[in-house]
Amino acid sequence: MLVLVMINLLIIVHEIRFSFAILEPVDFLALQSIRKSLEDMPGSNFFSSWDFTSDPCNFAGVFCDGDRVVALNLGDPRAGAPGLSGRLDPAIGKLTNLAEFTVVPGRVMGKLPATLSELKKLRFLGISRNFISGEIPATLGELQGLRTLDLSYNQLTGSVPWAIGSLPTLANVVLCHNHLSGSIPSFVSQTLTRLDLKHNNLSGSIPPGSLPSSLEYLSLSWNSFSGPVDLLLPQLNRLNFLDLSLNRFTGQIPSCVFSFPITNLQLERNLFSGPVQPFNEVAIPTVDLSHNMLYGQVSPLFSTVQNLYLNNNRFTGSVPTTLMDRLMAGNVQLLYLQHNFLTGVPINPMAAIPLSSSVCLQYNCMVPPVQTPCPIEAGTQKTRPTSQCMEWKG
């Protein structure tokens, strides 16, 4: 009888042990260190559930598999909720089963812990809209399973480590709104769909083949990138978002980009030159090619664009009749042609522009046949000086 009781007792203990797994001590101590280095900002009570006399797997933002922490989401994820302040403790590297690590927007400062490279199972790293400074550790290149890297809206400096580009399974790289500089690495991952590097100090050219054809979202605006893209962009025919604005890209705009399945093509404020020749009617709702050095005649294939910015270039000749017809029909909502070298607009001076449409024609080699409101930056001069129009050879 005693033996039977002992057997039943052992069975019960065994069941309790595996029903309520005790957290691995290393993970327990790591969570304690992480907690000590961070605080709730005023209005946040995220850490109120972090009572270390209870099971840490029940803490807010802590997710366990057995006795190991596999996901750590620090801060209240609700939109507009106050975040956390403090620093990221190097003990994060002790959570070696971690697959996901995020920190909500707040005032977390300091450098990224070099110990992040010890999280070999990490697939998602998201620490955006805080005040993280210093350089991106090159050792993040050791995280061979990493799929998403989001360090956007911080104070990061230095370059994008070349080792990041060698990660084989990257799908999303979001490093926008930092102070990163230098050239960018080639990205080898054939699953990379999103690359967002806007609002940095990045520079250099982007050679053909340095970005995978899997890309669907590419934003490089507000940097100092240079060189041609006429061989790069044709390889990226899956793009549904493209913004290269406010850089120093040169050369011709490849015709294929006007056939991409995108809603907004932003190539303004670069050094693009040459004629612009789409293959077919352009189905992109908004096309901005303003503030470049493009020349030649305006293609009638742009007549199907709803918002067309061609201002501040070197276009010559007459505006296509089809483009003006669609403007008068209300199909073209915005047409900016100011600051070019155009010599004619096929429109009746007595015609009334639809209230739903805007057109600016001033500062060309002609007197605008209709007087319409223009943006303030267009200035007050209605026509170019005759001397400029005579000297312009296209």
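The values are calculated or read from the model by the stated rules, or taken from the named source; none is laboratory data. Just so it is clear, the structure is predicted and the values come from calculations on it, not from any experiment. Note that we place each Cβ from the backbone using ideal geometry, even for glycine, and neighbour counts take in every protein chain shown. Heads up: the accessible areas ignore ligands, DNA and RNA and are worked out on the full protein's heavy atoms, side chains in. Shrake-Rupley method; radii C 1.70, N 1.55, O 1.52, S 1.80 Å.
Within the range 344-364, being over 39 Å from the mean Cα position of the chain (by Cα) and modelled with pLDDT of 90 or more holds for Gly344, Pro346. Which residue pairs have Cβ atoms closer than 8 Å, lie 6 or more positions apart in sequence or on different chains, and pair a first residue in the range 153-167 that is open to solvent by less than 40 Å² (accessible area, probe 1.4 Å) with a second residue that is among the polar types (S, T, N, Q) and in a loop (DSSP other than H, G, I, E, B)? Listed by first residue and then by second, the contacts come to Asn154/Ser128; Asn154/Asn130; Asn154/Asn178; Leu156/Asn178; Gly165/Ser186; Leu167/Gln144; Leu167/Ser189.
Phe225 fulfils the conditions (1) farther than 30 Å from Gly274 by Cα; (2) open to solvent by less than 10 Å² (accessible area, probe 1.4 Å); (3) among the aromatic types (Phe, Trp, Tyr) except for a single criterion, (1). Here Val367 fits the description: aliphatic (A, V, I, L, M), free of Cβ contacts under 8 Å to residues at least 24 places away in the same chain and touching a strand residue (DSSP E or B) at 6+ places or on another chain (Cβ under 7 Å). If you check Pro354, Pro300, Pro275 for being in contact with a Ser or Thr (Cβ under 6 Å, 6 or more places away or on another chain), over 24 Å from Thr380 (Cβ atoms) and free of Cβ contacts under 8 Å to residues at least 40 places away in the same chain, only one passes: Pro300. Looking for something open to solvent by less than 40 Å² (accessible area, probe 1.4 Å), farther than 30 Å from Asn240 by Cα and among the polar types (S, T, N, Q) - is there at least one such residue anywhere in the range 289-303? No, there is no match, as no residue in the range 289-303 is open to solvent by less than 40 Å² (accessible area, probe 1.4 Å), farther than 30 Å from Asn240 by Cα and among the polar types (S, T, N, Q). Comparison of Leu308, Leu271, Leu265 shows that the only residue that is of a type in the set (A, V, I, L, M), open to solvent by less than 10 Å² (accessible area, probe 1.4 Å) and farther than 19 Å from Ser357 by Cα is Leu265.
Counting the residues of the range 228-258 that are surrounded by fewer than 18 Cβ atoms within 10 Å (Cβ to Cβ) and of a type in the set (D, E, K, R) gives 2. Scanning the range 245-273 for residues that are under 16 Å from Tyr309 (Cβ atoms), part of a strand (DSSP E or B) and of a type in the set (Phe, Trp, Tyr) yields one hit, Phe272.
A Cβ distance below 6 Å, combined with a sequence gap of six or more or placement on separate chains, defines the contacts here; from the range 73-98, residues that are more than 13 Å from Val26 (Cβ to Cβ) and at pLDDT 95 or above reach residues that are open to solvent by 10 Å² or more (accessible area, probe 1.4 Å) and of a type in the set (Lys, Arg) in the pairs Ser85/Arg107. The residue that is nearest to Asn313 (Cα to Cα), counting only those in the range 274-288 that are open to solvent by 10 Å² or more (accessible area, probe 1.4 Å) and not in a loop (DSSP other than H, G, I, E, B), is Asp288.
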